Every structure is written in structure tokens, then in C-alpha cells.
Amino acid sequence: MARLAREISENGLYHIVFRGVNRQHIFEGASDYEMLRNILIELKKEMKYEVYVYCFMSNHVHILLKEKNRGDISLIMKRLLTKYARWYNLKYKRSGALIANRYKSKPIDVDEYFLSVVRYIHQNPIRAKITNNIVEYEWSSYKEYITGKQGLADKEFVLKMLTKDEFVEFHKDEEQLSFTVDDRIKISDDEIRINILKEIGIEPKLIGEMEKSRRNEILKRLKNKYSIRQLERVTGISRGVIHKS
């Protein structure tokens with residue numbers, strides 16, 4: 001089967017996720033986490049991208065990244081993953097694929113949900129029950145924001161939206177929205193509108209006018225087929241309501 005074309009970000013901002021093949025660990029010790037961070041820093045000097053947020057977990061990685069030039073993301077990720085996998089395989093005397101399939105990417109808008117993406121990524125260790133306090137987690141950008149220590153993260157963009165104190169308070173609340181990056185087939189909004197019209201017999205924009213329980217029943221079913229982002233555009237219902245349905 002031919003690979004699906006990736007969604008292109010108009011503003012160059014992407015939520016990147018990659019995982020170990022068969023969800024195996026891609027980090028065994030502190031030096032492995034450090035190596036990936038160092039590779040990202042070195043590539044950043046050359047390709048001039050910005051990393052706003054990151055979180056390295058034992059078997060997967062989240063990065064909120066802004067490319068300098070449109071389309072740079074493919075080369076950035078190819079070089080990053082190739083270099084890290086080669087180093088890891090040599091260190092642990094293994095062969096074969098380290099990263100599952102290809103990386104996943106999701107264009108991100110700078111809108112009212114942007115800071116929720118930031119919080120979602122930073123709270124990965126809490127959701128994984130690794131820690132109850134994200135400042136204790138060593139392998140994310142959260143600590144860089146709190147301590148002011150210069151590392152991988154380009155903090156200025158986010159700190160224009162929140163002061164450091166506001167940033168800390170914001171992260172104390174559990175992020176209720178999910179910003180998973182999936183492999184669902186991307187179809188146009190018009191195609192989704194037509195499909196929903198055929199399935200439930202009314203225009204998607206009218207779903208929001210339905211009785212709440214019926215509305216939520218329909219939204220819950222539609223979430224299994226389409227992304228929350230697209231459903232928000234097609235129905236006019238907010239992302240938060242769709243997520244909670």
C-alpha cells in the first residue's frame with residue numbers, strides 16, 4: 001500500500017512523535033537520552049529549527065518543533081532518527097530497525113489550544129505514572145523553563161504567552177484534551193461533511209443543536225473515524241466538547 005502524504009503545516013509548527021519498534025525501549029540509560037538531546041541541538045545549529053517543547057519517554061518521544069523553511073521537517077527527522085539509531089545500534093551491538101515505521105507528525109496552530117499542547121507533552125510522565133511532579137522528570141523541557149537553564153528548548157515563544165509563574169500554575173492543572181498523533185487517513189472536510197450527512201441524515205453544523213445526550217452519542221461515534229480537529233471545523237462544535245463526548 002502506498003504511503004499517505006503527510007499534512008503540511010502552513011506555519012512550520014509540528015507535534016512530532018516517534019516510538020520504538022514494537023514499542024520497545026529506545027533509551028536504556030541517561031547517556032541515551034543525552035545523546036538524542038545533543039543530536040537535536042547539533043542539527044538545530046545547522047538547520048535553524050526551533051524546539052519549543054520536548055519530552056523523551058523510555059519508548060517514545062514528543063517534540064513540538066518549528067521548521068525554518070517549508071518542508072525541512074522531512075530532512076530534520078531523517079537525519080535525527082538515522083543518526084540516533086546508528087549510534088544506539090552500535091552501542092548495544094544490535095541490528096535492524098529501532099524506530100517503528102516512520103515518525104508521526106501533526107501540524108499545530110498557534111491558537112487557544114497551543115498551550116494545551118505544551119501542557120499535554122510535558123505531562124506525559126504523569127500520565128505514565130512515572131512521577132507525580134513533572135519538575136522531577138529529567139528528560140523534558142519543563143525543567144528548562146523552570147530553572148532558566150539553557151538546553152535544547154527555545155523558551156522565548158511560549159514565555160511571551162505566559163510568565164514563568166503563570167507557566168508553573170498552568171501546568172498544575174491536568175490537561176483534559178488529548179493531542180495524540182495518529183495515522184488515520186486524511187480526507188477533506190467536504191468529504192467528511194458528505195459522509196456525516198449520509199450517515200445521520202442531517203448537516204454536521206446542526207449536530208450542535210441536538211439534545212445533549214444524542215449529540216454526544218453521535219460525536220463519540222464520529223471520533224472513531226475522524227480527527228477531533230476536523231470534526232471541530234465541520235460541525236462548528238468546540239474541541240473541548242467533542243473530546244469530552
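The values are calculated or read from the model by the stated rules, or taken from the named source; none is laboratory data. This structure is a prediction, so every number in the text was calculated from the model and none was measured. Cβ atoms come from the backbone with ideal geometry, glycine included; neighbour counts cover every protein chain shown. The accessibility values were calculated without ligands, DNA or RNA, using every heavy atom of the protein model including side chains. Shrake-Rupley method; radii C 1.70, N 1.55, O 1.52, S 1.80 Å.
Within the range 157-188, the set of residues being of a type in the set (S, T, N, Q), at pLDDT 80 or above and over 19 Å from the mean Cα position of the chain (by Cα) comprises just one member, Thr163. Pairing residues of the range 143-157 that are surrounded by fewer than 18 Cβ atoms within 10 Å (Cβ to Cβ) with residues that are aromatic (Phe, Trp, Tyr) and part of a loop (DSSP other than H, G, I, E, B), at Cβ distances under 7 Å and at least 6 apart in sequence or on separate chains, gives no pairs at all.
Look at (1) crowded, with 18+ Cβ neighbours inside 10 Å; (2) within 21 Å of Ile108 (Cα to Cα); (3) hydrophobic (A, V, I, L, M, F, W, C) and you find that Val241 fails only one, number (1). Mind listing just one residue for me: the one in the range 111-128 that is touching a residue at least 24 places away in the same chain (Cβ under 8 Å) and not in a helix (DSSP H, G or I) and, of those, surrounded by the fewest Cβ atoms within 10 Å (Cβ to Cβ)? Across the range 111-128, the extreme among qualifying residues is Ala128. Scanning the range 41-53 for residues that are among the β-branched types (Val, Ile, Thr) and assigned to a strand (DSSP E or B) gives Val51, Val53.
Summed over the range 54-84, residues that are assigned to a helix (DSSP H, G or I), open to solvent by less than 20 Å² (accessible area, probe 1.4 Å) and not β-branched (Val, Ile, Thr) total 3.
For residues that are open to solvent by 10 Å² or more (accessible area, probe 1.4 Å) and outside any helix (DSSP H, G or I), tally how many sit in the range 18-35.
Here the count works out to 5.
Residue-level analysis places Ser105 outside the set of residues that are under 16 Å from the mean Cα position of the chain (by Cα), buried (at least 16 other Cβ atoms within 10 Å of the Cβ), under 18 Å from Glu169 (Cα atoms) and polar (S, T, N, Q).
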